[in-house]
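*Asks:* Below is one structure. I have some questions about it.
The values are calculated or read from the model by the stated rules, or taken from the named source; none is laboratory data. Keep in mind it's a predicted model, so treat the numbers as computed, not measured. Counting neighbours? That spans all protein chains shown, and the Cβs are built from the backbone with ideal geometry, glycine included. These accessible areas exclude ligands, DNA and RNA; they are computed on the full protein's heavy atoms, side chains included. Shrake-Rupley method; radii C 1.70, N 1.55, O 1.52, S 1.80 Å.
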Amino acid sequence: MPPKAKAEGGSRKLSKEEREKLRRLEQERKQREAEEQRLREEEELELQRQREAEEARRREERRQEQRRQREKQLRETLALLARLDTTMALTRGRIMEQEEWERMMKCDGLPDPTSVPAMNRYLSLWRADPETATMKGALNKTDQVIHVITELETVMEDGREATEKQRRDWKEIWLELQEAQKEKLDEATYHQLLDLRPYLDLETMVYSFFISSPLVSIALWSNTTRSPKNNSHEVKELGFTFTLPADLAEAECVVRVMRTEYDHYSKFARTYTQAVVEERIPPLLAPPVVSKRNKPPHFTNTAPGELNLRRYRVQGGVYTIDLLQVPPQPRVLADCTITQVEEVCRVDRVEWEAQYNPPAAPEVAGQRRRDPEAVEQEMRMLEQELQKLLLITIKLPDSAFWFEPPQMVLWDEDKRCWSNEYFHDVKYNEDQCVMQVRTTRLGVMGLAMNRFANLPFQSWELKPAGDRAVSLTLIAAVVVAEFTITEGQVCLASLQDGARTALSHLYGKHMKPNTLIKTLQFYGINLFPDRDSYCYIDGLPTKDRATEHHLYRCMALVAPAVHFAWSRWNLLAGATKLVFQMKTKTLAADESQVGQPLVLVTPHKTAVLACTEISQAFSTKDEDENKVSLFQYYADLYQLVMGELTDGVRQVVQAAPPVFITTIHHMLKAASVISYC
């Protein structure tokens, strides 16, 4: 029948047993595939473990090889530096002998600063010299005396082999010389005041006298009639004006304004020397240990009103404003003049301190509406109180650079510090560089400036500058200075203060490095930070000290033949990553590379980086990692230069005299260009 035939011709329905069999077969297939996948994964995992183990073994071998190379290379570099130090120790002895011989051959009558008996003889003869009791004689002698004191200070600073007794004797005669200089100026002032008549204006009866030398200027003034109208005087030669309060205008006394280019006070302040911190720099051959540098250990705390000389410097000279009693004046009779002779020839000072009562601080705005009449009354009271103070106006001296408004300070002999708490109503005219203040006290005053107006640097450059000469350029915040470094000496090649050329009289004048540094600081240009300077400069991350110190020594070794420059990546690279440019074509990984290559120095190694100064991002990837050749390891900059650069460069480096290398190192270490740029 047709329906039955259709059923027989179609697909047959599987039985339950057949379906179960198919399910088992499918399950077995999946299990086989899963087992095969597991075996493949285990095999791949084992291969991965083998590859990682092999890579770890290679890395460990590489580390061990680097450690061996590091120790071997550092021993070579340190041996070279040790030989250099030994040679320099002998050279310093010969230099000192030559300097002593030249000092003896001058026959200028000046004592040998290293000889205490000679210094004592000089001091005794100076004190007994009657010519130095006059103004002219005292001022003429000052130049010589300050020169002797400066030479003695140099001996004290460089007295490496001196005994403890020698150091005590030097310090004692140093103190006596400074005290004698003050006494001589006081004695000369006394003799000048013995007779006011030669410098007395007969119309106003005002006494006015002025004398100056390169280092000292003295102005004397007295209102002999004690008229309240004559209460002000301008010393044009000093750019100094004072206005006396009513009680002083009517006092019988002489006002002395004395300005000295030297400062014999700051060195006695507690904050003049940096805080003593025991600091141990680990040896380079020891395993590199990375440690943090915090500010507190080197930071110097100060009392309220005390000037921190680690942050500020008194510059532009020192002003002494004091009141002196008028000594007995000659009496003119008919045919003779009677002069009273005093047993002690010295000036007597008049003590004065203003009875100043500053008004109470105004109430906080918004507490209550203030009555205009009350405000006006407070202003009148303030003005009345300010009239009790001595008004001083100073034109900032041209002998120093003023990069920002200074602050007026007074030497507090009791506290042995400079203090700014005795000044009120301070005003500063930036266009005319004129400061006006009112003070409650008289005495020794100075103008204090921030020592770090030019730090940190914006950039720096160190490059060869001819036969046995190297040029160091420091681009600071305000000035641009270029130095030429030669064997044992340094000179200022140029100094730009904005658009103007400055200190041109120093150009080409060769000096010892420390002498040049002090000379620039005298003019208010501080480009050479101290160990603790980083404490007072915000946002300045310092570098690992041991690594930085060794880098400067290596840079000095190769500087006669290699050009170095700052890198913008250095500042934020971290404490243990020191980055700079080494400008030479032989270090380029690719001729098509744009920009100068960078060198990275760490406590572990020194390498040329694949990135450049103008790369989009900074990377510590080594240039050598891109090469097919065997990895080359360098422990420090000296090994890198000697291993990578040409024979000509190596010959120049090896021929550099030890004194030349030491002078370069002195300047690099003094400028600390890696930490301060």
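*Asks:* Assuming Glu234 fulfils every condition listed in (1) in contact with a strand residue (DSSP E or B) (Cβ under 6 Å, 6 or more places away or on another chain); (2) under 23 Å from Arg346 (Cα atoms); (3) open to solvent by 30 Å² or more (accessible area, probe 1.4 Å); (4) not polar (S, T, N, Q) apart from one, which condition is it?
*Replies:* (2)
*Asks:* Please enumerate the residues belonging to region 294-335 that are within 14 Å of Arg451 (Cβ to Cβ) and touching a strand residue (DSSP E or B) at 6+ places or on another chain (Cβ under 8 Å). Break it down stepwise before answering.
*Replies:* If we filter region 294-335 for residues that are within 14 Å of Arg451 (Cβ to Cβ), which is where we start, we get 300, 307-316.
Listed by number, the residues that qualify are Leu307, Leu309, Arg311, Tyr312, Arg313, Val314, Gln315, Gly316.
*Asks:* OK, next. Determine the pairs where a residue that is among the acidic types (Asp, Glu), located within region 468-484, has a partner that is open to solvent by less than 10 Å² (accessible area, probe 1.4 Å) with Cβ atoms under 8 Å apart, the partner being 6 or more residues away or on another chain.
*Replies:* Hits for this filter: Glu482/Ser471; Glu482/Leu472; Glu482/Leu474; Glu482/Leu492; Glu482/Leu495.
*Asks:* Can I ask one more? All but one of (1) without any contact (Cβ under 8 Å) to a residue 40 or more places away in the chain; (2) touching a Gly at 6+ places or on another chain (Cβ under 8 Å) hold for Lys165; which doesn't?
*Replies:* (2)
*Asks:* Then there is this: Can you confirm whether region 157-165 contains a residue that is surrounded by 15 or more Cβ atoms within 10 Å (Cβ to Cβ) and not in a loop (DSSP other than H, G, I, E, B)?
*Replies:* No, region 157-165 has no match at all.
*Asks:* Restricting attention to region 576-598, which residues are modelled with pLDDT of 90 or more and either among the hydrophobic types (A, V, I, L, M, F, W, C) or in a strand (DSSP E or B) (or both)?
*Replies:* Correct list: Leu578, Val579, Phe580, Gln581, Met582, Leu598.
*Asks:* Further, regarding this structure: Condition test on Val444, is it in a strand (DSSP E or B), open to solvent by less than 40 Å² (accessible area, probe 1.4 Å) and either at pLDDT 90 or above or under 30 Å from Asn570 (Cα atoms) (or both)?
*Replies:* yes
*Asks:* Could I ask something else about it? Do you know which residues across region 321-338 are charged (D, E, K, R) and free of Cβ contacts under 8 Å to residues at least 40 places away in the same chain? Can you show your working first?
*Replies:* Start the filter on region 321-338 by keeping residues that are charged (D, E, K, R), which leaves 322, 331, 335.
Selection gives Arg331, Asp335.
*Asks:* Within the set of pairs 6+ apart or on separate chains, which have a first residue in region 85-101 that is open to solvent by less than 100 Å² (accessible area, probe 1.4 Å), a second that is part of a helix (DSSP H, G or I) and modelled with pLDDT of 85 or more, and C-beta atoms under 8 Å apart?
*Replies:* Note: pairs meeting the criteria are Thr87/Pro658; Met88/Pro658; Met88/Val659; Met88/Thr662; Thr91/Pro658; Thr91/Val659.
*Asks:* Out of all the residues in region 541-577, which are free of Cβ contacts under 8 Å to residues at least 60 places away in the same chain and within 19 Å of the chain's Cα centre (by Cα)?
*Replies:* The answer is Pro541, and nothing else.
*Asks:* Being open to solvent by less than 40 Å² (accessible area, probe 1.4 Å), out of contact with any helix residue (DSSP H, G or I) (no Cβ under 8 Å at 6 or more places or on another chain), part of a loop (DSSP other than H, G, I, E, B) and farther than 15 Å from Ala671 by Cβ is the filter here; which residues of region 523-562 pass it?
*Replies:* Gly524, Asp544, listed by residue number.
*Asks:* Does Val659 satisfy the criteria of being at pLDDT 90 or above, more than 30 Å from Asp538 (Cα to Cα), among the hydrophobic types (A, V, I, L, M, F, W, C) and in a helix (DSSP H, G or I)?
*Replies:* For Val659, the condition - at pLDDT 90 or above, more than 30 Å from Asp538 (Cα to Cα), among the hydrophobic types (A, V, I, L, M, F, W, C) and in a helix (DSSP H, G or I) - is met.
*Asks:* Please verify whether region 607-623 includes one or more residues that are at pLDDT below 90, in a helix (DSSP H, G or I) and farther than 22 Å from Thr547 by Cα.
*Replies:* The answer is no, given that none of the residues of region 607-623 is at pLDDT below 90, in a helix (DSSP H, G or I) and farther than 22 Å from Thr547 by Cα.
*Asks:* Under 8 Å between Cβ atoms, which residue pairs at least 6 apart in sequence (or on different chains) link something in region 211-227 that is under 15 Å from Lys184 (Cα atoms) with a partner that is open to solvent by 30 Å² or more (accessible area, probe 1.4 Å) and in a loop (DSSP other than H, G, I, E, B)?
*Replies:* Leu215/Glu261; Leu215/Tyr262; Val216/Glu261
*Asks:* Test Gln407 against the criterion of being more than 19 Å from Glu261 (Cα to Cα), open to solvent by 10 Å² or more (accessible area, probe 1.4 Å) and not hydroxyl-bearing (Ser, Thr, Tyr), and give yes or no. Steps first, answer last, please.
*Replies:* Values: more than 19 Å from Glu261 (Cα to Cα): no; open to solvent by 10 Å² or more (accessible area, probe 1.4 Å): yes; not hydroxyl-bearing (Ser, Thr, Tyr): yes.
No: the conditions fail for Gln407.
*Asks:* Conditions: (1) open to solvent by less than 20 Å² (accessible area, probe 1.4 Å); (2) part of a loop (DSSP other than H, G, I, E, B); (3) touching a Lys or Arg at 6+ places or on another chain (Cβ under 8 Å); (4) of a type outside the set (A, V, I, L, M, F, W, C). Pro113 meets all but one. Number of the miss?
*Replies:* (3)
*Asks:* Output the number of residues of region 174-230 satisfying the condition of being farther than 29 Å from Ser399 by Cα, among the polar types (S, T, N, Q) and surrounded by 15 or more Cβ atoms within 10 Å (Cβ to Cβ).
*Replies:* Looking only at that region, the number is 3.
*Asks:* Tally up the residues in region 644-658 that are crowded, with 18+ Cβ neighbours inside 10 Å and touching a Lys or Arg at 6+ places or on another chain (Cβ under 8 Å), please.
*Replies:* Qualifying residue count for the region: 1.
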